[in-house]
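Have a look at the structure below, then the notes.
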Amino acid sequence: MHQEITKREKISPLKMLVFIIIGAILLILFNFLGNTLKINTSIIDGLTLIIATILSYIIIKKYITSYKYMLIENEFIIQEITGSKEKILVNINTNQIKKIKPITSSDYANDKKKKYNKRKKLNKNLKNLDIYYCIYEEDDELNLFEIQPSEELIKLLNITK
C-alpha cells in the first residue's frame, strides 16, 4: 500500500488581502457599471452574488482542497479532501491504465485533443512536482485525468501495470 497527499498551497495574509481587495474592486466596478447603464438593481445584485460565489469557489478549490493518491495492491484511488470531508473521485484497477506520462511529453498535445468520456484535473500545480496525465479505460470508454504524484508513486504505477 502506498498513500500520499498533495500539500495545500499556503496562502499568506498579504495574498488573501490582495484577493479581497481585487474582489471588492471588481464588485464595485460591476455595481457602478450596472447603475450607469440603468440596469435593474435586483439583476445587479443577483449577478454580483453569482460572481462572488464563483470567486469563493475558485479560492476554496485552489487553497483549501487537497488530493490523496492511494495505491492499494492493484487499485488506484484518488480522493479529494476539503477540510475533514473526503470524496472518492477515481477508483480504478491499475490494469485499466493505458498510459501515464508527464504533460511535458510530446504525446500530450495529441492525447489532449482526443475525445474522452471524462476529463478531470486532480492536481494543485505545486512547483516542486511534475504534472502527469493518465488515460484509462472504464466501461469501454477512455477517460483522462491530470495528477501531480511523487516519482515514487509513478514508479509503483508503472510496475503494477
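The values are calculated or read from the model by the stated rules, or taken from the named source; none is laboratory data. Given the structure is predicted, the values throughout are model-derived calculations rather than measurements. Cβ sites come from the backbone with ideal geometry, for glycine too, and all protein chains shown count toward neighbours.
Here are the numbers for the structure shown:
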{"item": "Test set (1) in contact with a Lys or Arg (Cβ under 8 Å, 6 or more places away or on another chain); (2) exposed (fewer than 12 other Cβ atoms within 10 Å of the Cβ); (3) modelled with pLDDT under 90 - GLU86 fails condition number", "result": "(3)"}
{"item": "Yes/no for LYS124 being over 19 Å from the mean Cα position of the chain (by Cα) and part of a loop (DSSP other than H, G, I, E, B)", "result": "no"}
{"item": "When residues of segment 96-150 are limited to those that are of a type in the set (Ser, Thr, Tyr) and within 25 Å of HIS2 (Cβ to Cβ), the one surrounded by the fewest Cβ atoms within 10 Å (Cβ to Cβ)", "result": "THR104"}
{"item": "Every residue from segment 69-83 that is among the charged types (D, E, K, R), touching a strand residue (DSSP E or B) at 6+ places or on another chain (Cβ under 7 Å) and either surrounded by fewer than 13 Cβ atoms within 10 Å (Cβ to Cβ) or at pLDDT 95 or above (or both)", "result": "none"}
{"item": "Qualifying residues in segment 2-60 (those that are surrounded by 10 or more Cβ atoms within 10 Å (Cβ to Cβ) and of a type in the set (D, E, K, R)) - the one nearest to LEU153 (Cα to Cα)", "result": "GLU4"}
{"item": "Long-range neighbours under 7 Å by Cβ, at least six apart or interchain, first residue aromatic (Phe, Trp, Tyr) within segment 15-29, second surrounded by 11 or more Cβ atoms within 10 Å (Cβ to Cβ)", "result": "PHE19/ILE59"}
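Conditions (1) touching a Leu at 6+ places or on another chain (Cβ under 6 Å); (2) closer than 26 Å to TYR63 by Cα; (3) in contact (Cβ under 8 Å) with a residue 12 or more places away in the chain, marked per residue:
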position: PHE76; (1), (2), (3): no, yes, yes
position: LYS85; (1), (2), (3): no, yes, no
position: ASN95; (1), (2), (3): no, no, yes
position: LYS99; (1), (2), (3): no, no, yes
position: ILE103; (1), (2), (3): no, yes, yes
position: LYS113; (1), (2), (3): no, no, no
position: ASN123; (1), (2), (3): no, yes, yes
